[in-house]
Amino acid sequence: HNNAYDLIKNKTATLSRVITVRDDIMNFLISKGLPPDRAFNIMESVRKGVGLTEQDEELMVKHKVPDWYITSCKKIKYLFPKAHATAYAIMSFRIAYIKVHYPLYFYADYFTREKSGFEYEYTGLSFDDVKNMLQSFKIKYDLEKKEEDHLKVLEVLLEAKERGVKFLNVDLYESEAEVFKVKGDKILPPLVLIPELGEKIAESIVRERKNGKFLSIENLLKRTRPKPNKNTIQFMKENKILDLLPESDQAILF
């Protein structure tokens, strides 16, 4: 807005003529007869957001560069090179293809990248629940950083729910430490989503379970370093993550 968008909307210029990438500036100025070195220097100045010097403007006017083009150069704050912009476009198509044809993998990867904004309770929310939570965030004027992270995740979660994506409960033996993964036709959340568990404890659990199953909650606490605190253990009990484990090793003997 207030630059290329408006120029196209007002039919001052076409999409092929407005400035979209750095290379556009240098190629256009050379086509107008400016010396290549001056065209390059102007391009560099504009793409960094520095704008134009009086000498630059005089040279551009002398070579009949349109007024709208000169004004556009003054408004630009930063520009991608064409190769960079093309790479982003290709990447966007790839991501879009995965999102359409492999939605579970797309959302698992997205939530892994944004797990700081993903709360354990989100896995069990319905479409309407997510929608209501989003509304509660959006009516607030000033969001804290954590709330902004939640908002971003909830917007994508709403879309995932609308597409029928479902989540499994965190599993002591199947969940990864920090990565959401696809299991069957659902997404399995990571251990790190458990409140107060933390990355190091999650990694410790994954490392220890490779050495054999946990015999009891007491055994779990002995084998993990650092170990989960009482609140975390209680949460895991309440959410059926420790369902099959007795309290102590002694209970196994009886």
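Before moving on, here are some points about what is shown:
- Residue by residue, the stretch 75-87 carries 3J(HN,Hα) couplings of 8, 6, 9, 6, 9, 6, x, 4, 4, 5, 5, 5, 4 Hz when phi is fed to the Karplus relation 6.51 cos²θ - 1.76 cosθ + 1.60 (θ = phi - 60°); x denotes Gly or Pro.
- Simple rule: put +1 on each Lys or Arg Cβ and -1 on each Asp or Glu Cβ in the chain, find the dipole, and look at Phe40, Ser116, Tyr5; the Cα lying farthest toward the positive end is Phe40.
- Three-way shape label, the stretch 1-112, alpha-carbon gyration tensor, a/c 1.5: prolate
- The chain: most fluctuating residue of Lys140, Lys183, Lys166 per GNM, C-alpha cutoff 10 Å: Lys140
- Residues with amide H under 5 Å from that of Lys183, placed H, sequence gap 5 or more: Leu188
- Per DSSP, loop chymotrypsin sites (Phe, Trp or Tyr not before Pro) in the stretch 162-231 with at most 15 further Cβ within 10 Å: Tyr173
- Per-pair calculated FRET efficiency, R0 = 25 Å: Lys64 and Lys11 via Cβ, rounded to 0.05: 0.80
- Computed from phi, the 3J(HN,Hα) profile of the stretch 36-48 under the Karplus parametrisation 6.51, -1.76, 1.60 (θ = phi - 60°) reads x, 5, 5, 4, 5, 4, 5, 4, 5, 5, 5, 5, 8 Hz, with x in place of Gly and Pro.
- In this rough spin-label picture, where each label sits 7 Å from Cα along the Cβ direction, the Ile139-Lys210 distance is 4.9 nm.
- Potential extension, Lys240-Lys186 segment - 0.36 nm per residue separation minus Cα distance: 17.6 nm
- Using the Cβ of Gly184 as centre and a radius below 15 Å, the other residues enclosed give a net charge of +1, where K and R count +1 and D and E count -1.
- Neighbourhood net charge (13 Å Cβ-Cβ; Lys/Arg +1, Asp/Glu -1) for Leu157: -3
- Loop-located chymotrypsin sites (Phe, Trp or Tyr not before Pro) in the stretch 2-65, at most 10 other Cβ atoms within 10 Å (DSSP): none
Values quoted throughout were computed directly from the atomic coordinates according to the rules given, and no laboratory measurement underlies them. No experiment lies behind these values; they were computed from the predicted model shown. Because the Cβ atoms are built from the backbone with ideal geometry, glycine has one as well, and the counts that use them run over all protein chains shown.
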